[in-house]
Structures are given as structure tokens and as C-alpha cells.
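The block underneath contains the structure these notes are about, expressed in C-alpha cells.
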Amino acid sequence: MTEKPDPFTVPFGSILCDWMTTASAEEGPFVYRGSPEPFGDLSISPAAHVLHYGSAIFEGLKAHRQVDGSVAIFRLDSHVARMVTSASRLRLPEIDPSLLHQMIVDAVAANADEVPDPPGSLYIRPTLIGTGADIGAAAHPASSALLFVVNSPVGDYFKGGIRPLTLQLETSTPRTVPQFGMVKCGANYAMALGPTLDAMAGNEAIDQVLFATEGDITETGASNFFLADDERIVTRHLDESFLHGVTRDSVIQLARHLGYEVEERSIDPEELVDWSERGEAFLSGTAAGVAPVGTVIYSGKTITIGTGQPGPNTLRLRQALTDAQTGAAPDTFVWRTPVGSQ
């Protein structure tokens, strides 16, 4: 194994593991040779469909070192199912869920020695790109495609670990391309990049932009948004305008298990003012986990959520999620997929 830096000392996702898995489709189903291969650069045509017409999707999930020293992937089947849906939305070749499942397990098994101890984890990035060499295919799906899985040992997504985040509310620019809101495709992240960089340039304390297009709070560029108090949690109801977060679903199920009432509904920005006096707010996502929100900047005003520090309900849900991921709690929801090393 190549010597690598401590994942807590470098930007999230900047370290790549030594092994990857790949499968290709040429006018037919994907073919996977059945074993990992050394991590390396890809070779595609300058006329590849992905480079001209954006035929690319991806997923993000994690494997965690368990309390007994073994490794398990969290919510693997849910992420596979979401990627299958994304491929269909972008008219990319159909993914066999069992093939993608095996590719992910094989990649993690090959890189198992690189899974850091908690609170670190192994970030898993399955990616699908259209490789057909045809610059005239703007109105046609990619004729061929490449599916691959790479891994990255990671620490905290937000610098500084567990700390209250500062969000800026954006009510004009949408977070996603309308018909692909629930798809993990690059266009959605490109849409969020400009507003996020502009916000950070104006205020270096801002961590993320919270999108509330037409006065309806949905998500930041990387996470779903929640409100919480001692009795309930509130988050935006699902539709096709934003990503159906697997961590979001995990938090909801854990919250119900812990006795919280769950409200999935529209959240008006004005509600933040009322909530700030009596409750908490947090983000959820594969990369971020459960991350507390301390302040929200809205129409030039700074709204302090609660005390401005991580609240007890946020920390309780964060711990419940961590315990479910690392094997410190029983696998009540059958979320963990054990992985052996190769």
C-alpha cells in the first residue's frame, strides 16, 4: 500500500486508494471482469459523450471501521438503487444492481486496510460516464459507457469537526436543474457552485448556501436541512426538485425509533426566526453526517439558531447515526453490509 497522509490533515476526498473496479458497456450490458485493478487514469476519446453532453452520474456512500475492527458499508442497497434510477433519468445504459453491488464490495475489500478508525471513514464514489465517441449525438444517448468505483479515506467534511455551521439563505437561484433535482449529476453541483463561492467571497464565515427557491427551503449544495426540538424534527417533503438523501432517510428512521415526531413539509424561511428562539437546525448527508447549524444569514440579517452551538437533539441524532454506522448499536434496520479484506 502506498504511504498516504492522515485524512484529517488534507481536504476531504483528496486521497485516493490503491484499487478500483471498472465495468464497460458496448451496445449491451455492463461487463465486469470480477476483480479490482490498480487505481489509474482513464483513457477516453476527446469526442466522448460525457465531455460534450454531460452524460455522467455518481453516488457517494461510506464504509466504516466497526467497533470489532471489521469493515461494513452503510446503506449500500439504497445507494445502488438511487444510482440505478439516476442512470435511467439520464438515459445511460441500464445498471444491473447486483453487478454494481459487487463492484462496490470488491473495491472496498481491496482497500480495507485504508479504512480509517472513527470518526474517519472510507468514502466510496461509484461513477458512470457515457464514452461513445460521437460529437453529433446531442439528441441521442451514449452508445457506450464506463462504470467505475474509487475509494477515498476521509476525515471530517467540514473543517474543524463538530462545530456550528453558518449558512446563507438563497431564495432566487435554484440548487438544481429542474428535471434532474433528485439525480446525482454534475450539472446540479455546477449550479450550486457559483452562488456558494459568491456567498463565501462576501463572508468568509459562510460554510454553505441553503437554497430556498421561491421561498421553500430544501437543501444546501451538499446536504439536506432539518429543524429539531425535544419532540420533533422537521424537513422538506420529498419531490423531484432536490436530492432524496439516504442519510436524510436514515436520520428520519432513527428519529422515529428514538420517539421523535417527524414532519415532512414545506419550510418557509420566515419560520427560521420563530424556530431560532426554541429549537435547533442541522444538515445531513453522506459526507457531512449530521452537522449542527449555528447561524443562518437571511436578507442581510443573522439568525442565531438556539444558543448558536450544537444542540442536544442534534448531537443525540448524530451519535445515533454514528453508532448505526460503526456497529456500536444493533443493526436494527439492516443497514450494514460486512466486507472482508482481500
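The values are calculated or read from the model by the stated rules, or taken from the named source; none is laboratory data. Given the structure is predicted, the values throughout are model-derived calculations rather than measurements. Cβ coordinates were reconstructed from backbone atoms using ideal geometry, including for glycine residues, and neighbour counts include every protein chain displayed. The protein model used for the area step is the full one, side chains on, heavy atoms only, and it has no ligands, DNA or RNA in it. Shrake-Rupley method; radii C 1.70, N 1.55, O 1.52, S 1.80 Å.
At a 10 angstrom cut-off on C-beta neighbours, averaged per residue, how do the peptides 198-205, 227-234, 49-56, 286-293 rank from highest to lowest?
Values: 198-205: 12.2, 227-234: 18.5, 49-56: 20.1, 286-293: 24.2.
My ranking of the peptides, most packed first, is 286-293, 49-56, 227-234, 198-205.
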Practice prompt. Tell me, rounded to the nearest percent, the portion of alpha carbon pairs in segment 189-293 spaced more than 23 Å apart.
Written response: 24
Worksheet, complete the sentence: Counting only residues 5 or more apart in sequence or on a different chain, those whose built amide H sits under 5 Å from that of F30 are D96
Practice prompt. Output ³J(HN,Hα) for segment 98-108: one whole-Hz value per residue in order, computed from phi by the Karplus curve 6.51 cos²θ - 1.76 cosθ + 1.60 with θ = phi - 60°, and x for Gly and Pro.
Written response: 5, 5, 5, 3, 5, 4, 5, 4, 5, 5, 5
Discussion item. Below 12 angstrom from the Cβ of E270, what's the summed charge of the other residues (Lys, Arg +1; Asp, Glu -1)?
Written reply: -3
Worksheet, complete the sentence: The convex hull of the Cα atoms of segment 253-301, divided by residue count, gives a volume in Å³ per residue of 115
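Compute the orientation-averaged projected area for the chain from the convex hull of its Cα atoms and round it to one decimal in nm².
The directionally averaged projection comes out at 17.0 nm².
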Worksheet item: Within the set K184/K301; K4/K62; K62/K159, which residue pairs have Cα atoms separated by over 22 Å?
Response: K184/K301
Discussion item. Please report the spacing between the Cα centers of segment 124-193 and segment 214-228 in Å, no decimals.
Written reply: 17
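About its Cα centre, how strong a charge dipole does the chain have in debye, to the nearest 20, once Lys and Arg get +1 and Asp and Glu get -1 at the Cβ?
Taking the Cα centre of the chain as origin, the dipole is about 220 debye.
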Practice prompt. Send over a whole-number figure in Å² for the accessible area per residue of the chain, probe 1.4 Å.
Written response: 44
Worksheet item: How much of the accessible area of segment 268-342, probe 1.4 Å, is carbon plus sulfur, in whole percent?
Response: 51
Item to complete: Kindly express, to the nearest 10 degrees and within the range 0 to 90, the angle between helix 186-202's C-alpha long axis and the longest C-alpha principal axis of the chain.
Response: 40
Item to complete: May I ask you to work out the translational diffusion coefficient for segment 39-127 at 20 °C, viscosity 1.002 mPa s, via Stokes-Einstein with Rh from the Kirkwood sum over Cα pairs, reported in whole µm²/s?
Response: 147
Worksheet item: Based on the Kirkwood radius over alpha-carbon pairs, what is the Stokes-Einstein translational diffusion coefficient of segment 169-247 at 4 °C with 1.567 mPa s viscosity, in µm²/s?
Response: 99
Discussion item. Probe radius 1.4 Å, ligands and nucleic acids ignored: give me the carbon and sulfur share of the accessible area of segment 146-227 as a rounded percent.
Written reply: 55
